[in-house]
Structures are given as structure tokens and as C-alpha cells.
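Participant: Starting off with a structure, shown below.
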Amino acid sequence: MMLNVRSYNLGPLQTNAYLLTGADPSRGIIIDPGMNPSGLIRAVADMEIEAILLTHAHFDHIGGVDEIRKLKKCPVYVHPLESEWLTSPKLNGSLMWPEVSPPISTEPAEYDLAEGQTLNLIGLSFKVMHTPGHSPGSVSFLCGNDLFSGDVLFRLGVGRTDLPGGRENDLVNSLRGKLYRLDDEVKVYPGHGPRTSIGFEKSRNPYVQL
Ligand SMILES: [Zn+2]
Ligand SMILES: [Zn+2]
């Protein structure tokens, strides 16, 4: 059981894309390929990419999806509540900030994600946790003691809930009912900003405590 995590800070909103590999360094998966992914594309030039996993379908997390999908011929996974966001610049928010982003859309995803599902990729298993609140189809991916939390949980922060489909109650339930129940030592890799841990956020997060 060894997961190797490399992060790439992409696009105007400094979205974290993660390139993950297991025992075989030539096979990877990508979580949330955002806008301007050229550094990430260079990194995967000689690799086989098994999948693109999306924590949610806001424009800053999907801008690089089609470029990488075409290049690496890999399928895309998203929660069904946001399937339509991929093809709609209105739904994925890219029309809201014309000064930040051009209209963004991608081809539809190949696969739906579901709560409790296990994905077997790169020789490891990833558990899918549906963690809505920031957006209705937000999911987190747990692999051993590593959690990829998208825009649900940040270091000393949480995702905003004032965008379409966001709900503060859902966010609190996702944190208290799901993510804060994980072991304290679980490392958290968020969609923006630095890494943190479940134990640290449970006791120090100013927005949602256990
Ligand atoms: Zn978001
Ligand atoms: Zn984001």
C-alpha cells in the first residue's frame, strides 16, 4: 500500500490538481485537472493515465479535462448530480466570472460516482464519499490514510455554500457526519491551499468543529 501524491497548482483560482501513482510509477490517475494544465501534461507525457476523477464540476476543477482525456484516452468520473455541469458553462460557473475564465465545457463523463463505491485504480482502492454542501455532487476520495476533499474541507477553512446548489446544512453534515469520523491522522489534500489532516481540522477549523 503506497500512494505517491504530486500536486499541481493550476489556473487563476490556484486549483490543486493531483497526480497519483501506486507501486508502478508509469501508471497514474489525476484528480481535478484545472485550467492551464501544461505542467501536468508534461508530467504525464510518458505515463498511462487510468482515470480522471472529479471531486466536483466547478469550472476551475475541469478546465484541463478534455485536453488530458484526448491525449491519454482515459475515462472521466463525476457524481451524477453534476454530470450536466461538465457540458454547461452556465452550470459549472464559468459564465459567472468573465474576468477570471472563458466559458468552459467538456464532453460528458464516462462514469458516474456513487456514495460508498470503491474504485480499483493504479493497484489501490479509492473509496467514494458523497460530501455535498459546497456543491450538490461534491465527493471526497479516500485511499488508505489519504483523503482528497475537493472544495469541501480546506486547511482552516471550508468551501463556500453560496453558489448554486450549495447548502450550508449539507456541508456541516458532510464534515461532522463523514469526514470528521475518519482517523485523526488521515492526511487531507484539498482543492485549494495546503495539505492538512482530519485531526487538525476537527480541533482547529474555525468554521465547523466536531
Ligand atoms: Zn468548487
Ligand atoms: Zn475550487
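Participant: Inside the stretch 54-81, can you point out the residues that are more than 16 Å from ligand 2 (Cβ to nearest atom), more than 11 Å from Pro37 (Cβ to Cβ) and of a type in the set (A, V, I, L, M, F, W, C)?
Facilitator: Within the stretch 54-81, Cys74, Val76, Leu81 qualify.
Participant: Follow-up. Just name the residue that is farthest from His79 (Cα to Cα) out of those in the stretch 41-61 that are within 11 Å of ligand 1 (Cβ to nearest atom), out of contact with any helix residue (DSSP H, G or I) (no Cβ under 7 Å at 6 or more places or on another chain) and not aromatic (Phe, Trp, Tyr).
Facilitator: Narrowing the stretch 41-61 to residues within 11 Å of ligand 1 (Cβ to nearest atom): 54-61.
Filter once more, so that each one left must be out of contact with any helix residue (DSSP H, G or I) (no Cβ under 7 Å at 6 or more places or on another chain): 58-61.
Now narrow it down to the ones that are not aromatic (Phe, Trp, Tyr): 58, 60-61.
Numbers: His58: 12, Asp60: 16, His61: 14 Å.
Per the criteria, the residue is Asp60.
Participant: Filter the stretch 15-28 down to the residues that are more than 16 Å from ligand 1 (Cβ to nearest atom) and surrounded by 24 or more Cβ atoms within 10 Å (Cβ to Cβ) and list them by number. First the steps, then the outcome.
Facilitator: Filtering the stretch 15-28 down to residues more than 16 Å from ligand 1 (Cβ to nearest atom) leaves 19-28.
Selection gives Leu20, Gly28.
Participant: Right, here's the next one. Which number in (1) touching a residue at least 40 places away in the same chain (Cβ under 8 Å); (2) within 16 Å of ligand 1 (Cβ to nearest atom) marks the one condition that Arg160 misses?
Facilitator: The number of the failed condition is (1).
Participant: Can you tell me which of Leu156, Leu182 is at positive phi and at pLDDT 95 or above? Explain how you work it out, then say what you get.
Facilitator: Values: Leu182 fails: at positive phi.
Exactly one residue qualifies, and that residue is Leu156.
Participant: Here's another thing I want to ask about it. What tally of residues in the stretch 79-107 results from selecting those that are among the aliphatic types (A, V, I, L, M) and more than 19 Å from Asp162 (Cβ to Cβ)?
Facilitator: Initial filter on the stretch 79-107 (among the aliphatic types (A, V, I, L, M)): 81, 86, 91, 95-96, 100, 104.
Imposing the further condition that a residue be more than 19 Å from Asp162 (Cβ to Cβ) reduces the set to 86, 104.
Residues that pass the stated criteria total 2.
Participant: Among the candidates Pro190, Pro132, Pro103, which residue alone is away from ligand 2 (no atom under 16 Å from the Cβ) and at negative phi? Even if it seems obvious, please write down each step before you answer.
Facilitator: Working: Pro190 fails: away from ligand 2 (no atom under 16 Å from the Cβ); Pro132 fails: away from ligand 2 (no atom under 16 Å from the Cβ).
After ruling out the rest, the residue left standing is Pro103.
Participant: Please indicate, with yes or no, whether at least one residue in the stretch 185-200 is open to solvent by less than 10 Å² (accessible area, probe 1.4 Å) and among the small types (Gly, Ala, Ser).
Facilitator: Yes: the stretch 185-200 contains one or more residues that are open to solvent by less than 10 Å² (accessible area, probe 1.4 Å) and among the small types (Gly, Ala, Ser).
Participant: Does Pro206 fit the bill of being under 23 Å from Asp32 (Cα atoms) and assigned to a loop (DSSP other than H, G, I, E, B)? Can you show your working first?
Facilitator: On the way: under 23 Å from Asp32 (Cα atoms): no; assigned to a loop (DSSP other than H, G, I, E, B): yes.
No: the conditions fail for Pro206.
Participant: While we're here: What are the residues in the stretch 43-59 that are in a helix (DSSP H, G or I) and open to solvent by 10 Å² or more (accessible area, probe 1.4 Å), if any?
Facilitator: In the first step, residues of the stretch 43-59 are kept if they are in a helix (DSSP H, G or I); the result is 43, 59.
Ala43 - this is the single residue of the stretch 43-59 that is in a helix (DSSP H, G or I) and open to solvent by 10 Å² or more (accessible area, probe 1.4 Å).
Yes/no per residue for (1) closer than 20 Å to Glu82 by Cα; (2) away from ligand 1 (no atom under 16 Å from the Cβ); (3) at pLDDT below 95:
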position: Ile104; (1), (2), (3): yes, no, no
position: Tyr111; (1), (2), (3): yes, yes, no
position: Gly133; (1), (2), (3): yes, no, no
position: Pro136; (1), (2), (3): yes, no, no
position: Phe148; (1), (2), (3): yes, no, no
position: Leu171; (1), (2), (3): yes, no, no
position: Lys187; (1), (2), (3): no, yes, no
position: Thr196; (1), (2), (3): no, yes, no
position: Arg204; (1), (2), (3): no, yes, no
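Participant: Which residues, taken from the stretch 62-79, are under 17 Å from the mean Cα position of the chain (by Cα) and either of a type in the set (Gly, Ala, Ser) or more than 16 Å from ligand 1 (Cβ to nearest atom) (or both)?
Facilitator: Filtering the stretch 62-79 for residues under 17 Å from the mean Cα position of the chain (by Cα) gives 62-66, 68-69, 74-79.
Answer for the stretch 62-79, where residues must be under 17 Å from the mean Cα position of the chain (by Cα) and either of a type in the set (Gly, Ala, Ser) or more than 16 Å from ligand 1 (Cβ to nearest atom) (or both): Gly63, Gly64, Asp66, Ile68, Arg69, Cys74, Pro75, Val76, Tyr77.
Participant: Starting from the stretch 16-37, keep only residues that are in contact (Cβ under 8 Å) with a residue 60 or more places away in the chain and part of a loop (DSSP other than H, G, I, E, B), then list their pairs with residues that are open to solvent by 10 Å² or more (accessible area, probe 1.4 Å) and among the β-branched types (Val, Ile, Thr) whose Cβ atoms are within a distance under 6 Å, requiring at least 6 positions of separation or different chains.
Facilitator: From the stretch 16-37, the pairs are Gly22/Ile122.
The values are calculated or read from the model by the stated rules, or taken from the named source; none is laboratory data. Values in this document were obtained by computation on a predicted structure and should not be read as measured data. Note that we place each Cβ from the backbone using ideal geometry, even for glycine, and neighbour counts take in every protein chain shown. To get the accessible areas, we keep the full protein, side chains included, count just its heavy atoms, and leave off ligands, DNA and RNA. Shrake-Rupley method; radii C 1.70, N 1.55, O 1.52, S 1.80 Å.
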